[in-house]
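K.L.:
Below you'll find the structure I mean.
The values are calculated or read from the model by the stated rules, or taken from the named source; none is laboratory data. Being a predicted model, the structure only gives us computed values, none of them experimental. Backbone-built Cβ (ideal geometry, glycine too); neighbour counts: all protein chains shown.
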Amino acid sequence: MLSKRLLNIMLSYTNCVDKIGSFPFKRDKRSRKIYYTEKRLQFLRYVSLVEGLWIVFMYYQCIRFKLEGNIDDFNLIYTFAVANITTVLVFGINNLFYSDITLVFNSYFQLMYNLQEKYMPASYDPRTSKVMKALEFLTSSTIIIMTILAFLTSLMTIFVQSHPLLPTSLIHPDFKYGIILKMILFPIQMSVPFAVYGALVMIYTLVYSATVIPFFTNELRIGTGQYKTLDSLRTPKNLMATFRSFQLLHQIAMSCFGVFIVPCQTTFSNLILFSNFMFIRHRAELQPETNCMLIGWSTLCLLFWMYVLELGGRLHSRGREVLKSWKFHNFGDKNVNRCMSKFRKSCRPLALNFGRTYVIRRLSVLKFIRGLTVGTFRLLLAVDE
């Protein structure tokens with residue numbers, strides 16, 4: 001369950017981002033619901049357009065440096081260009097599915113409030129939970145780090161000589177009004193939303209995965225004997241209602257985010273393969289800073305997507321165990337057992353998926369690592385030939 005301290009941290013940060021104008025949703029304090037406004041959506045589309053043009057500029061710089069034989073700058077800019085595709089995907093989700101996202105947020109908070117009021121014991125204090133303490137620490141750390149990086153990046157792009165990956169590098173250093181032009185081309189209010197909005201997406205995703213999935217896989221499974229909720233949750237009537245609530249919430253969430261699972265995996269795979277190839281083949285020709293950046297990007301992308309695949313695999317496998325536990329449990333009455341049997345057959349285990357085309361299962365992590373390993377060696381051999 002959610003602690004009041006974690007909610008206050010999230011809502012305070014959301015309000016700050018709303019003041020900047022980089023969050024397309026607003027929160028009504030009375031109803032405690034999130035809604036979107038047309039002004040916020042227009043600003044989000046403007047930010048998405050700028051981000052897309054920036055990626056086009058970086059690819060142009062990649063082609064130029066490749067033709068000039070400047071391998072070091074080519075690797076640096078290409079890595080940033082591929083990494084920023086994920087940012088465009090995040091903005092694309094909110095541009096296309098903003099109404100569904102508001103429904104997911106409101107349904108999630110309403111479901112958590114109802115479950116906490118009905119099925120948590122009176123002595124339960126979420127502030128003492130280790131999971132809540134870890135979430136509060138990770139949330140606060142993410143906010144601080146991303147905000148500092150946003151302001152530092154903005155100041156560097158204005159007052160320091162720009163790198164070729166930034167559009168401000170086109171301004172001549174001796175130009176009299178260079179600083180003013182930099183502030184117009186790449187103002188602080190554009191750099192800050194990129195970072196703070198990305199942090200907000202990370203925070204909400206982390207909180208959703210750390211609260212909904214453990215509750216669903218542990219508290220609805222019969223026979224474990226280790227529950228934090230009241231036994232009234234595991235009665236047939238409440239089991240069916242709670243399972244359907246989670247199922248509907250997850251279906252709405254997957255209708256928004258499921259379509260981007262395959263593009264995200266493709267982007268991360270290409271970035272990891274490129275970083276591995278350039279580090280193995282050209283590390284002697286690259287600067288130490290570029291080598292460190294390639295290793296860092298490759299490691300971060302690998303760990304993050306392994307976490308997503310592991311999370312999806314555990315959700316799918318433990319969701320099957322939840323339904324199996326109902327099969328062998330005697331609810332006391334033949335009619336009730338028959339009703340639960342029909343309900344169980346109508347249910348499917350929750351999963352991170354895109355329809356039936358792609359489903360993250362328990363072995364998806366191993367397949368992903370195997371594909372990267374085989375792909376790296378094949379790329380090295382193909383270039384040799």
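K.L.:
Can you list residue pairs whose Cβ atoms sit under 7 Å apart, with the first residue in the range 308-329 being over 20 Å from Met254 (Cα atoms) and the second being exposed (fewer than 15 other Cβ atoms within 10 Å of the Cβ)? Count only pairs 6 or more apart in sequence or on different chains.
P.N.:
Ser325/Gly223; His329/Gly223
K.L.:
I'm told Gly375 meets every condition in (1) touching a Ser or Thr at 6+ places or on another chain (Cβ under 9 Å); (2) in contact (Cβ under 8 Å) with a residue 60 or more places away in the chain; (3) within 21 Å of Thr224 (Cα to Cα); (4) not aromatic (Phe, Trp, Tyr) except one. Can you identify the failing condition by its number?
P.N.:
Evaluating Gly375 over (1) touching a Ser or Thr at 6+ places or on another chain (Cβ under 9 Å); (2) in contact (Cβ under 8 Å) with a residue 60 or more places away in the chain; (3) within 21 Å of Thr224 (Cα to Cα); (4) not aromatic (Phe, Trp, Tyr) leaves (3) as the failure.
K.L.:
Which of the residues that make up the range 84-121 are out of contact with any Phe, Trp or Tyr (no Cβ under 9 Å at 6 or more places or on another chain), at pLDDT below 80 and either outside any helix (DSSP H, G or I) or among the hydroxyl-bearing types (Ser, Thr, Tyr) (or both)?
P.N.:
none
K.L.:
Moving on to the next point. Looking only at the range 67-79, count every residue that is surrounded by 14 or more Cβ atoms within 10 Å (Cβ to Cβ), over 29 Å from the mean Cα position of the chain (by Cα) and assigned to a helix (DSSP H, G or I) and tell me the total.
P.N.:
As a first pass, look at the range 67-79 and keep what is surrounded by 14 or more Cβ atoms within 10 Å (Cβ to Cβ): 70-79.
Narrowing the set further to residues that are over 29 Å from the mean Cα position of the chain (by Cα) leaves 70-72.
Those still in the list that are assigned to a helix (DSSP H, G or I) too: 71-72.
Residues flagged as surrounded by 14 or more Cβ atoms within 10 Å (Cβ to Cβ), over 29 Å from the mean Cα position of the chain (by Cα) and assigned to a helix (DSSP H, G or I) within the range 67-79 amount to 2.
K.L.:
Just checking: which of the helices (runs of 4 or more DSSP H) contained wholly in the range 279-385 hold 3 or more residues that are among the β-branched types (Val, Ile, Thr) and surrounded by 15 or more Cβ atoms within 10 Å (Cβ to Cβ)? Quick ask: steps written out before the conclusion?
P.N.:
Numbers: elements: 288-327, 334-346, 364-384.
The qualifying helices (runs of 4 or more DSSP H) are 288-327.
K.L.:
Could you list all residues from the range 255-273 that are surrounded by fewer than 19 Cβ atoms within 10 Å (Cβ to Cβ) and either basic (Lys, Arg) or under 16 Å from Leu76 (Cα atoms) (or both)?
P.N.:
Selection gives Asn270, Leu273.
K.L.:
Regarding Ser140, is this residue more than 30 Å from Arg244 (Cα to Cα), modelled with pLDDT of 75 or more, among the small types (Gly, Ala, Ser) and in a helix (DSSP H, G or I)?
P.N.:
Values: more than 30 Å from Arg244 (Cα to Cα): yes; modelled with pLDDT of 75 or more: yes; among the small types (Gly, Ala, Ser): yes; in a helix (DSSP H, G or I): yes.
So Ser140 passes the test.
K.L.:
Please name all residue pairs, on different chains or six or more residues apart, with Cβ atoms under 6 Å, provided the first residue is in the range 23-47 and is closer than 13 Å to Asn94 by Cβ and aliphatic (A, V, I, L, M) and the second residue is at pLDDT below 75 and assigned to a loop (DSSP other than H, G, I, E, B).
P.N.:
Leu41/Pro24; Leu44/Pro24
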